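Bear in mind these aren't lab numbers, they're just calculated from the coordinates by the rules spelled out. For clarity, every value in this text was computed on a predicted model and none was experimentally measured. Here the Cβ positions follow ideal geometry from the backbone for every residue, glycine too, while neighbour counts run over all protein chains shown.
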Amino acid sequence: MQVEKFYYDNRIVKMFGYATVLWGVVGMLAGLLAAVQIYFPAANFNLPYTTFGRVRPVHTNAVIFAFVGNGIFMGVYYSLQRLCKARMFSDVLSKLHFWGWQLIIVLAAVTLLSGYTTGKEYAELEWPIDILITIVWVIFGINLFGTLVKRRESHIYVAIWFYIATWVTVAMLHIVNSVEIPFSWIKSYSFYAGVQDALVQWWYGHNAVAFFLTTPYLGIMYYFIPKASGRPVYSYRLSIIHFWALIFIYIWAGPHHLLYTALPDWAQSLGTVFSIMLIAPSWGGMLNGLFTLRGAWDKVREDPVLKFMVVAVTCYGMATFEGPMLSLKSVNAISHFTDWTIAHVHVGALGWNGFLTFGMLYYLTPKLFNTSLYSKKLATNHFWIGTIGIVLYAVPMYWAGFTQAEMWKQFTDEGQIKYQFLETVTHIIPMYITRSIGGLLYFIGVILMVFNLGKTIAAGSFIGDEAAEAAPLLAKTETHGKQYWHRWIEARPIQMLIFSLVAVAIGGIIEMVPTFLIKSNIPTIASVKPYTPLELQGRDIYVREGCYLCHSQMVRPFRDEVARYGEYSKAGEFVYDHPFQWGSKRTGPDLARIGGKYPGSWHYNHMWDPRSMSPGSIMPNYHWLFDNKIDTSLTGAKIRAMITLGVPYPENYDKKANEDLEAQAKSIKENLKKDKIETSSNAEIVALIAYLQRVGTDIKAASNQ
């Protein structure tokens with residue numbers, strides 16, 4: 001049989017490995033800062049670029065797309081070449097992919113800290129960066145499928161199935177969720193509004209977790225656990241069931257993030273049903289990973305790589321059991337908007353993604369540099385410090401979540417709300433402090449890893465082009481015995497791509513099309529009017545400062561929420577909200593009915609010094625809002641963008657919008673003056689006050705008719 005000699009490209013693996021470590025340190029530092037800011041307002045440094053509202057999305061984007069993203073590409077570029085017995089399709093495309101991804105990360109950090117955000121969780125990056133992401137993702141796809149086409153191995157191994165599903169689904173999610181109307185070179189409004197925007201966002205948000213934080217890592221699990229343990233995958237048949245069931249079911253589960261909201265009940269129920277079904281394929285994958293180690297437990301005790309991988313897969317199992325449980329309405333009524341969700345997310349992020357990435361780095365670095373790991377003892381210490389860090393992070397957050405939910409729902413014997421919202425915040429500050437200690441321990445473990453890997457690299461000699469040989473694909477076409485249907489798909493990457501796309505598209509189509517096309521899903525409320533130009537400017541400031549990260553705008557139909565905040569939220573209230581602002585965490589009280597609750601002077605003083613109006617508040621100051629001027633040069637462009645989106649402003653209103661803005665601003669200035677507050681009518685604080693005084697008042701107007 002003819003044998004061809006070729007070389008694997010380890011340089012691209014090394015580059016993504018270095019980037020994984022670098023951005024892991026940066027992302028975790030940002031997370032540690034955010035964790036401290038929650039209970040120590042001075043850590044916001046009284047600067048616009050360092051407030052929690054801007055640091056938190058930097059943290060999530062850095063950890064998800066920089067740390068985990070580079071970890072994915074490191075694992076894919078290493079394993080794909082060896083599974084295909086071929087060098088990557090193009091070294092040039094590999095480098096374009098690498099440097100393009102790093103450029104995206106840098107631009108993301110700069111723009112988010114500068115306040116340029118779409119206001120949609122995990123999709124905060126603005127339209128020019130969205131276009132760049134699409135270009136880089138296409139480059140990655142060409143390289144991925146080009147390598148599959150030139151492979152020397154006819155069988156496409158299970159890990160590659162997950163890589164294919166990841167590529168096609170992330171492309172679909174990103175394109176659909178990123179449809180937006182630009183009104184400047186860097187800013188835009190979401191194409192969708194209110195309920196529809198919420199559905200699309202959490203269809204994206206939930207499945208970003210599924211197809212960026214889960215499926216590629218399952219592919220990595222299926223490659224690296226057998227390699228590190230020297231054991232074959234436990235069940236090939238189970239891997240087939242795991243793959244197809246997981247990608248089909250996962251895509252339906254997004255609405256469980258919106259239970260008890262203004263989303264139509266049928267969509268909520270559909271999300272719940274598929275979330276419960278998700279337990280089966282998720283645990284099938286977990287058990288397949290753990291059972292692969294049968295007979296290798298002595299090696300697990302000795303090898304830190306396998307220690308990290310075992311705990312990673314275990315955390316995946318824990319998170320994928322807890323997620324469906326949180327989708328039960330009775331449980332979600334307790335967990336939603338609390339720190340329980342934060343605990344749940346971080347069991348997956350720190351345990352599943354973090355530990356599997358660490359295990360992969362400890363496995364790959366000695367191989368790439370043709371040496372042994374500098375210190376197994378240091379790696380083992382990292383494992384235990386990291387594990388303790390996860391426990392100290394998660395347990396206080398579970399405790400805080402249960403405490404919040406219980407305190408929110410308590411009534412006195414006289415039927416009054418028992419606790420003011422601020423009491424429910426200050427009561428759990430000790431849990432926040434403990435959480436940050438857990439995060440610090442986890443970070444210390446990462447620093448130990450950096451030192452250990454650095455010493456390993458220094459002692460070794462890098463193998464940039466690793467020699468290999470294999471017979472060409474044409475020499476392996478002969479088959480014997482019965483061939484099953486899946487063997488046919490496994491030999492055809494384009495068919496695998498098409499079938500994967502069909503499997504993941506069905507759920508989204510069935511959930512979204514009725515919500516968009518059937519008008520009864522979002523009943524019209526006559527009193528709901530478009531925002532005035534000043535209110536629109538104020539809303540953009542609210543989004544810029546990340547207020548939605550701590551405040552929700554969604555009163556659920558519960559006795560305690562209606563008693564605390566007012567009338568529960570209706571679908572028709574949000575038809576002009578581009579983007580929606582329902583939030584996913586209440587560190588501060590819900591603001592859906594904040595309009596008219598306090599005078600403008602209260603909001604003015606509260607933004608200057610929150611503790612002057614709410615003693616014990618953990619909210620940062622926003623002093624720059626009093627100096628910054630409203631950018632009226634963009635008012636017309638914003639109105640035109642809204643008109644394009646279907647908001648019913650009068651014809652040619654963009655030309656007189658600033659006149660109305662100035663008139664409303666002067667009115668607010670005069671009202672503040674009555675309370676002995678002097679301010680410029682074009683200060684950003686005036687626009688923010690206008691917006692806050694408007695929120696929720698349309699429903700009040702309807703009830704008074």
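Structural remarks
- Overall form of the chain per C-alpha gyration tensor (a/c, 1.5; a/b vs b/c): prolate
- Positive-end ranking of Gln664, Cys547, Gln537 along the dipole of segment 533-704, with charges on Cβ about the Cα centre, is headed by Cys547.
- To the nearest ten degrees, helix 376-408 and the longest principal axis of the Cα atoms of the chain are 30 degrees apart.
- Net charge dipole, segment 4-511: roughly 1620 debye, given to the nearest 20, about the Cα centre with Cβ charges of +1 for Lys and Arg and -1 for Asp and Glu.
- Anisotropy class of segment 477-617 from Cα gyration tensor, a/c 1.5 cut: prolate
- Dipole of the chain [Lys/Arg +1, Asp/Glu -1 at C-beta], most positive-end residue of Phe516, Asn370, Trp384: Asn370
- Three-way shape call for segment 413-554 based on the alpha-carbon gyration tensor, with the a/c threshold at 1.5: oblate
- Cα-based reach from Lys638 at 17 Å (exclusive), listing aspartates and glutamates while leaving out same-chain residues under 8 positions away: Glu126, Glu180, Glu535, Asp540, Asp577, Glu651, Asp654, Glu659, Asp660, Glu662, Glu684
- Net charge dipole, segment 307-445: roughly 740 debye, given to the nearest 20, about the Cα centre with Cβ charges of +1 for Lys and Arg and -1 for Asp and Glu.
- With contacts taken as Cα pairs under 8 Å at a separation of at least 6 residues, segment 533-704 carries a relative contact order of 34 percent.
- Rounded to the nearest angstrom and listed largest first, the equivalent-ellipsoid semi-axes of segment 533-704 from its Cα gyration tensor are 24, 22, 15.
- Across Lys629/Lys666; Lys299/Lys367; Lys570/Lys669; Lys120/Lys529, pairs whose alpha-carbon gap is larger than 21 Å: Lys570/Lys669; Lys120/Lys529
- Straight-distance candidates among the aspartates and glutamates for linking to Lys227, with alpha-carbon spacing under 20 Å and chain neighbours fewer than 8 residues away dropped: Asp9, Glu153, Asp298, Glu302, Asp303, Glu466, Glu469.
- Positive-end residue of Leu591, Ser190, Thr272, charge dipole of the chain with Cβ unit charges: Thr272
- Principal axis dimensions, largest first and in whole angstrom, of segment 46-133 by Cα: 54, 21, 19
- Under 16 Å from Lys585, Cα to Cα: aspartates and glutamates that are on another chain or at least 8 residues apart: Glu121, Asp339, Glu406, Glu545, Glu561
- Entries of Lys95/Lys150; Lys418/Lys676; Lys5/Lys376 with Cα pairs more than 25 Å apart: Lys418/Lys676; Lys5/Lys376
- Inter-part distance, segment 414-430 to segment 196-230, computed on C-alpha centroids, equals 37 Å.
- Once you reduce segment 591-610 and segment 54-81 to the center of their Cα atoms, the two points are 39 Å from each other.
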